[in-house]
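Colleague: My structure is below; once you've seen it, I'll send some questions.
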Amino acid sequence: MTLPSDQAMGADRDRLAGRLAAALNELTDVDLLLDRILSDARSLVAAEAGSVYLKSGEDALVLAICQNSYLERIVGGRGELPFLNYIIKLDRGSLAGYSVLEGEPLVVDNTLDIDPDAPYQHNTAIDNSTNYVSQAVMTLPLISAPGETLGAIQLINPLDEGFRVKRFTGEDLAAESFYVGIAAKALAKSMMFRSMAVRSVEVVSAHDPQETPAHAQRVACVATELYEHWAARRSVPEGERLRILDMLPLAAMLHDVGKMSVPTAVLTKPGRLDLRERALMEAHVLIGARLYRKARTPLDRLTFQVILDHHERWDGQGYPGWVDIDTGQPLPGRAGPGGRVQGKRGGEISIYGRILAVADVFDALVSRKTYKDSFDESLSIQIMEQESGHHFDPEVVESLIARRNVLRKIQERFPDHLETSELAGEAPLSKAPVAYPAFKY
Ligand SMILES: [Fe+2]
């Protein structure tokens, strides 16, 4: 057997970088895309670790995602890692900041040997908290358009066949520059989608202070977790699972978009609603669904389903039920006693509606509202269990309980007081940012 020449390997890798970059177009979700971009970029240079920093405003960089095969082996997988809002100042003092502001890649063979007079230094905060040493670091700016830098990607510790840290080569830099150039454009597009969804939530928020972007983002995260668990249990094929996971966060964020047409006095009324007010409130489902009725894309279709079904109940007592969404009247053959609309029940409700119902009510329970204080997690779970088979799909409630640890992380990640509008289009939702817990050898 003969080993391929460096030149042949280089050509193979360029083709691989091209294929990987082209595949990024399949994704619209920021989290999935960041995860894919970082994994791909690491695989191109056999980097043991890596991270992506995204600009937040003009003067900060947020750690959006980090991966580290070595540490993941120790803690038992990426899913076990806690969330972290790790933010650094955007200036030339850090490797990422320097690369972003100069618009140039930066390759450091050994962070311990950086000239003390260099404008940048390696920030050891994360290394210190994990006992990991980022030795060789390649940092590339994520430039989506001339003058538009989203942040920076860092590739850490390329490994040779013996799993020893080696130096990055000129070919490594060329392959990464090509791949990252295309990845940055894909990332800008997905960030724009999320940003538009957050702006819509902010419009609703102007009418109803309860409907914060933080609430919408938490519901989106929880819904995504629930679907992931439910789909794995049901053995949904991986392609279909990924397709839904790519769209569900955005669709879920928009579940209450119809509230922008409900009078503020009704939305913010602390006491019980009278019949007329209740009708106005319940109309948010049909108003929202109408926005997505003329679905042009799979994302539109999913959003339509999420909005239309998120107040249905497993026992058939929810709303709007089997209605014509234009008139609000029962569909043919769907009028119940007294001409009332029949509610959808059980499996008649789309799984996305069943999941949203659980995610939305759970978040309302654990959050502080004008009409109630927040309930602790155990009490909230207990209430959800009591409603299993009545309000909620029992299988989805089981998924909620199974993913209990992640729910807590989501609450920490998006507290109501956090200025989420600042981070809106930029901060990833469920999978990141992460940091590694301190551990002992
Ligand atoms: Fe709603």
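Values quoted throughout were computed directly from the atomic coordinates according to the rules given, and no laboratory measurement underlies them. Computed from a predicted structure; not experimentally measured. Note: ideal-geometry Cβ built from the backbone for every residue, glycine included; neighbour counts use all protein chains shown.
Colleague: Within 10 Å, count the other beta carbons around each residue, average over each peptide in 127-137, 110-120, 273-283, and list them highest first.
Modeller: 127-137, 273-283, 110-120
Colleague: In the neighborhood of residue 393, defined by Cβ-to-Cβ distances under 14 Å, what is the net charge if each Lys or Arg adds +1 and each Asp or Glu adds -1?
Modeller: Neighbourhood net charge equals -3.
Colleague: Which of 107, 125, 64 sits closest to the plus end of the dipole of region 6-189, meaning its Cα is farthest towards the positive end, when Lys and Arg get +1 and Asp and Glu get -1 on the C-beta?
Modeller: 64
Colleague: Largest first and in whole Å, give the semi-axes of region 290-408's equivalent ellipsoid, each being the square root of 5 times a Cα gyration tensor eigenvalue.
Modeller: Whole-Å semi-axes of the equivalent ellipsoid: 28, 17, 14.
Colleague: Counting other beta carbons within 10 Å of each Cβ, put 352, 70, 53 in order, fewest first.
Modeller: Lowest count first: 70, 352, 53.
Colleague: Can I ask one more? Any idea what the dipole of the chain comes to, in debye rounded to 20, about its Cα centre with Lys/Arg Cβ at +1 and Asp/Glu Cβ at -1?
Modeller: Result for the chain is approximately 1440 debye, rounded to the nearest 20.
Colleague: Then there is this: So how tilted is helix 351-366 from the main axis of the chain? Cα-based, degrees 0 to 90, rounded to 10.
Modeller: On a 0 to 90 degree scale, this one is about 90.
Colleague: Does region 6-189 come out rounded, prolate or oblate, given a ≥ b ≥ c as the square roots of the eigenvalues of its C-alpha gyration tensor, rounded meaning a/c under 1.5 and, failing that, prolate meaning a/b above b/c?
Modeller: In terms of gyration-tensor shape, rounded.
Colleague: Picking from 156, 180, 206, whose Cα lies most toward the positive end of the charge dipole for the chain (charges on Cβ: Lys, Arg +1; Asp, Glu -1)?
Modeller: Checking the options against the dipole of the chain, the answer is 206.
Colleague: Would you mind computing, in nm to one decimal, how far apart the modelled labels at residue 382 and residue 59 are, each placed 7 Å from Cα along Cα→Cβ?
Modeller: 4.7
Colleague: Still on this structure: Please turn the phi angles of region 54-69 into ³J(HN,Hα) values with the Karplus equation 6.51 cos²θ - 1.76 cosθ + 1.60 (θ = phi - 60°), one per residue in order, whole Hz, x for glycine and proline.
Modeller: Per-residue couplings from phi come out as 10, 5, 10, x, 9, 10, 9, 10, 9, 6, 7, 7, 9, 10, 7, 4 Hz.
Colleague: Additional query: Counting residues in region 213-415 as N, plug N into 2.2 N^0.38 Å and put the Cα Rg over that result.
Modeller: With N residues counted in region 213-415, Rg over 2.2 N^0.38 Å equals 1.00.
Colleague: While we're looking at this one, here's another question. What's the FRET efficiency of residue 25 with residue 272 using the Cβ-Cβ distance as r and R₀ = 56 Å, to the nearest 0.05?
Modeller: The value I calculate is 0.65.
Colleague: Give the long-range amide H neighbours of residue 367: residues separated by 5 or more places, or on another chain, with amide H under 5 Å away, using H modelled in the peptide plane at 1.01 Å from N.
Modeller: Here the answer is 375, since their amide H atoms fall under 5 Å of that of residue 367.
Colleague: Taking R0 as 60 Å, what's the FRET efficiency between residue 174 and residue 324 from their Cβ-Cβ distance, rounded to 0.05?
Modeller: For residue 174 and residue 324, the calculated efficiency is 0.50.
Colleague: I need the calculated FRET efficiency for the pair residue 148 and residue 73, taking r as the beta carbon distance and R₀ as 51 Å, to the nearest 0.05.
Modeller: My answer for the efficiency is 0.90.
Colleague: Among 339, 96, 46, which residue has its Cα furthest toward the positive end of the charge dipole of the chain, with +1 on Lys/Arg Cβ and -1 on Asp/Glu Cβ?
Modeller: Looking along the dipole axis, the top candidate is 339.
Colleague: A further question follows. Along region 41-46, what does the Karplus equation 6.51 cos²θ - 1.76 cosθ + 1.60 (θ = phi - 60°) give for ³J(HN,Hα), rounded to whole Hz, x for Gly and Pro?
Modeller: After applying 6.51 cos²θ - 1.76 cosθ + 1.60, I find 4, 5, 5, 5, 10, 6 Hz.
Colleague: What pairs in 259/294; 55/294; 189/294; 55/409; 89/166 have C-alpha atoms more than 28 Å from each other?
Modeller: Table pairs above 28 Å Cα-Cα are 55/294; 89/166.
Colleague: Taking 0.36 nm per intervening residue step and subtracting the Cα-Cα distance, what contour gain separates residue 104 from residue 345 on full extension?
Modeller: 81.1 nm
Colleague: Something else: Below 8 Å, C-alpha to C-alpha, sequence gap of six or more: please give me the relative contact order for the chain in percent.
Modeller: It comes to 19 percent, rounded to a whole number.
Colleague: Continuing with the same structure: How many angstrom lie between the C-alpha centres of region 163-230 and region 92-157?
Modeller: Each part's Cα centre sits 21 Å from the other's.
Colleague: Here is a follow-up. Report the dimensions of the chain along its three principal axes from the alpha-carbon atoms, largest first, rounded to Å.
Modeller: 80, 47, 44
Colleague: Moving on to the next point. Using 0.36 nm per residue of separation minus the Cα-Cα distance, give me the extension gain between residue 114 and residue 14 in nm, one decimal.
Modeller: 33.0 nm
Colleague: Tell me which residues come under 5 Å, amide H to amide H, from residue 323 once H is placed; ignore anything under 5 positions away on its chain.
Modeller: 331
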